[in-house]
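The values are calculated or read from the model by the stated rules, or taken from the named source; none is laboratory data. Computed from a prediction, not measured in an experiment: that's the story for all the values here. A quick note on method: Cβ atoms are made from the backbone with ideal geometry, for glycine too, and the neighbour counts reach across all protein chains shown. In case anyone asks, the SASA skips ligands and DNA or RNA and just uses the protein heavy atoms, side chains included. Shrake-Rupley method; radii C 1.70, N 1.55, O 1.52, S 1.80 Å.
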Amino acid sequence: MASRRSKDDRPTMIHCEYCGEDYSSTYKHCPFCDEMEADYDEQGDYEEAPPRNRGGKRLVTNTRGGGYGGSPSPLRMAGIVLSLALIIAAVIIVVSIIMPLVSKGHAEPGSSVPPESSAPVVESETPGPADSEAPVDPSAQPSPENTVPADQTATGFTLDQKEFSFSNRYPDPITVHVTFVPAGSTGTITWTSSDPSIVSVDATGKVSHGTTRGSATITASMPGAADQTILVYNQVTSGTSSGGSSTGGSTSTGTLSLNKTDFTFSALSNPSVQMKVNGTSSTPTWSIGNTSVATISADGVVKPVGPGSTTITCTVDGQTLTCIVRCSF
């Protein structure tokens, strides 16, 4: 059993003159500030080292159990804050920029979309079945009216009339003459009237007045060339017929009609149709709107030409009669 120390053997407390702390005499030096030890001079004599300038007491008071830690300095705190800011910034960059680049080209889990391929797509020049069997738009094909016939050598044409009038004094029909360009060339002209009840025109370019006073436009067309127009005024009063049909012993009942008002050719080989006027013995003037669909002769014989529909115009005894012709082949 250890012997109890006497009161005189117990260690005494020493007050450190450098840091101001009290420590046990069992320590050779102050354990709080580690004061400078004594040194010996060159002759070997003991000499106490001069006290160090420590700036007064300790900056941090020691805690029981020998703790010697101190509070961090402001500079160290600033370094810690800066380090945390750099770490947060690095995490944000990785999440917002680098991660999308790394995952680019890979479909999300559960997605049926395949990853994008960086290889260029080469389109095949060989048309597939869908391309070869695609329906042809009829509107994209040239119409018969705009197709230049093989026997046409003319590239343009001019008319000898630009404007004229019918009156009671001059009611007779006027034939418009065509000059093809270049000279000596040939072509086919299609004649139409904007209002056959005012003036009408036949396939030869003969213009006749109708039963209505006013003005109308005669249009001459040729495939591959610009249209030419004539402005015609009709000032003939009722009762005066074109071409002198009121003379020469002709008779009229006043109510005229055609033997057909609408008929159809189902094939190009169908027989021609003879048009007639009922109710008069006068000679009528015949014209047709589109000669690429059908033609009519001066004596009223209609023949089919191509698919489509057009209108036949008959002028007789001051009246204008019409008939629709259809070609459905």
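In table form, for the structure just shown:
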item	result
Largest to smallest accessible area among VAL273, VAL305, VAL81 [probe 1.4 Å]	VAL81, VAL305, VAL273
FRET efficiency, 1/(1 + (r/R0)^6) with R0 45 Å, evaluated for ALA183 and SER257 via beta carbons	0.50
Rel. contact order, % - alpha carbon contacts under 8 angstrom, at least six apart, segment 279-329	35
